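Here, each number is a calculation from the coordinates, and none is a lab measurement. The shown structure was predicted, so the numbers you read here are calculated from the model rather than taken from an experiment. Virtual Cβ from ideal backbone geometry, glycine too; neighbours counted across all protein chains shown.
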Amino acid sequence: MIDQDRLRRAYLAAREALLAERTPAGHWVGELSSSALSTATAVSALAIARRHVEPEKQRRYTALIDAALPWLARCQNADGGWGDTDRSFSNIATTMLVRAALHLAGAQQRYAAALERAENYISVSGGIAGLRRRYGKDKTFAVPILTNCALAGLVEWREVSPLPFELACLPQAWYRFARLPVVSYAIPALVAIGQARYFFRKPWNPVIRWLRGCAVNKSLEVLRAMQPSGGGYLEAAPLTSFVVMSLASIGRHDHIVAQEGLRFLCETVRPDGSWPIDTNLATWVTTLAINALEYSLESDGTTGGTYLTPELIQWVADCQHRERHPFTGAEPGGWGWSDLSGALPDADDTPGAVLALSDIPIDEIEDYDNQWSIAWEGLDWLLKLQNSDGGWPTFCKGWGMLPFDRSGTDLTAHVLRALKAWGRDKGIAVERGFRYLAKQQRPDGSWLPLWFGNQHREDDENPLYGTARVLLAYRDLERMPTPEARRGIAYLLSQQNSDGGWGGEGNNRKPAERSRNEEAGRSSVEETAVVVEALLAECSLKNGISFDAPEKLREALEKGLNWLIEGVESGRFRQASPIGFYFAKLWYYEKLYPLVFTVSALRHAVARMALPPP
């Protein structure tokens, strides 16, 4: 049995905590974790650019570097390596980047002991071969890391694979046929890093050498055309830093792309000297918050709703991309993760925005026809993006060669839910989407997400998050009785931890690995909350306060809900875990994720248990 008073109090407390995180304008911005990886790449870019600029800028860049280095030193793990966040296990990629940054900054003697420990970690992790094993065929991140190390004099240029930057000169629509060695969002890295590799180690083949030489200026024009007004590619310090350091190293520090990139880095540094993995996820966390709160718990509209101001509704609508995007060539109609210029329209943020707009009662919108039109454009944009396998990719249709360009189960489920919310769930696209999900379900009943992971698992995958998010599509489209949904529920039930929650360390602890700031307990707020919400889809009401569900499911939900309630009462529900993947498996955590997911789970529990309205 669940104490209904405790549940209601926990829901109200969590909801108030989430509402308190709004900006004065009424939307949410959140706070991404600071990143050792981002900070290291920014230091390298500033250190290389510092060699070529006037004294005033030299002093500015030096001040930023001098503030960043102590922050990096504090983040070194006990094993000598660095993780992507201050709550992450060490990995060879970030450790190699920090080592390169310390060398380029001329700080070898000051941080000699830290570098010695880092060298030991890199050696134990396999060095360059270990880095290549981490990323496999995907050169999106391995080549930039090795380029950074080559610029620091730590590896030979022959270890850096050449990138065919001349292919960026092709018409954008041809990119998906060119079998590029990097993912769709990494064209700037292809150009800038490819040019640096060409400059320092030209190909022996005279034809290729001539071809690439002819493409230098043209590909730089492409690079500039892709640069957003804020100067930062994808609003991301790593990608922007790789572009800046590559151009500065070949004498193009004064190129407008490098100058704008440096401006972005100077403007996005945090007071403690670090950089986050991205500027913010404002659109994403705002639509997550709206969808978690929902407009009202009661049909008469007496509860909630006060946060959904006309200004907030308009803010979400204004985040829609209204022009063809220069970066991916995406047509108008989609939403990106931020309201900033560097965000790209994608198939996770777009359904999130469309779902948020669907929760608003018609009589609360002055110009409902306009909002309807905006949402409809978003749905049309999504339908055009569907891949031939029936699933939805993140950015570009037909890019299936590399991991983060393929269709994703979590993306597909999100799109299906958005289509249902606006009554467009009867077409062939929906059936193809569910066939894709059925094919992607693993033998144990789970689904793997594309953009979320669990660092405690050997494979870094997060089947808990993926399965829970896919099941919400089965819930919304009334397909819970299907065999696929039954297996998904059974999988979630089999994964509950002994403390009542899900995820976190669980039973998948990586041997001999510990994060430097490891949180107490085995479960995570984010994973427990999304699993509880998915399991609630299996329940119907009985006697007002009990779950009409099989005993095993009822017991699992009672334990899970009590874990969440206790988390709210103790304040643990604010504890964010690094479950998010940024590009190329770069870990991050977001301050609002545990709040948003807890509110959503508890709201559904309140509704399922027919409690009086708060």
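Brief remarks follow.
- Full extension of the chain segment joining residue 204 with residue 9 gains 63.1 nm, where the gain is 0.36 nm per residue of separation less the Cα-Cα distance.
- Extension reserve of the residue 78-residue 494 stretch, reckoned as 0.36 nm per residue once the Cα distance is removed: 146.4 nm
- Each peptide in 100-111, 418-429 receives the mean, over its residues, of other Cβ atoms within 10 Å, and ordering these scores from highest gives 100-111, 418-429.
- The mean sequence distance of close C-alpha pairs (under 8 Å, at least 6 residues apart), as a share of the length of segment 219-266, puts its relative contact order at 42 percent.
- Direction-averaged projected area, Cα convex hull, the chain: 26.6 nm², rounded to one decimal.
- Annotation: peptides 244-251, 75-82, ranked by per-residue average of other Cβ atoms within 10 Å with the highest first, follow the order 244-251, 75-82.
- With Cα atoms, 0 to 90° folded angle of helix 525-536 axis to the chain main axis: 40 degrees
- For residue 35, the residues 5 or more places off, or on other chains, whose built amide H falls under 5 Å of its own are 275, 277.
- Near residue 475, once Lys and Arg are set to +1 and Asp and Glu to -1 for all other residues with Cβ below 11 Å from its Cβ, the sum equals 0.
- Working ranking of peptides 433-439, 83-89 by packing, defined as the average number of other Cβ atoms within 10 Å per residue, highest first, is 83-89, 433-439.
- Computed from the C-beta positions of residue 161 and residue 1 and an R0 of 51 Å, the FRET efficiency is 0.25 to the nearest 0.05.
- Put a dot 7 Å past the Cα of residue 574, heading toward its Cβ, do the same for residue 486, and the two dots end up 4.5 nm apart.
- For residue 552, a cut-off of 13 angstrom between C-alpha atoms picks up these aspartates and glutamates, skipping any fewer than 8 places away in its own chain: 538.
- Cα long-axis angle, helix 551-570 against the chain (0 to 90 degrees, to the nearest 10): 60 degrees
- Note on residue 66 and residue 120: their simple-model spin labels are 3.1 nm apart, each label 7 Å out from Cα toward Cβ.
- Nearest 10 degrees, 0 to 90: helix 282-293 Cα axis against the chain principal axis: 10 degrees
- Under 20 Å of direct C-alpha separation, and excluding same-chain neighbours fewer than eight residues apart, residue 384 reaches these lysines: 397, 420, 426.
- Remark: the residue 52-residue 225 segment gains 59.8 nm on full extension, using 0.36 nm per residue and subtracting the alpha carbon distance.
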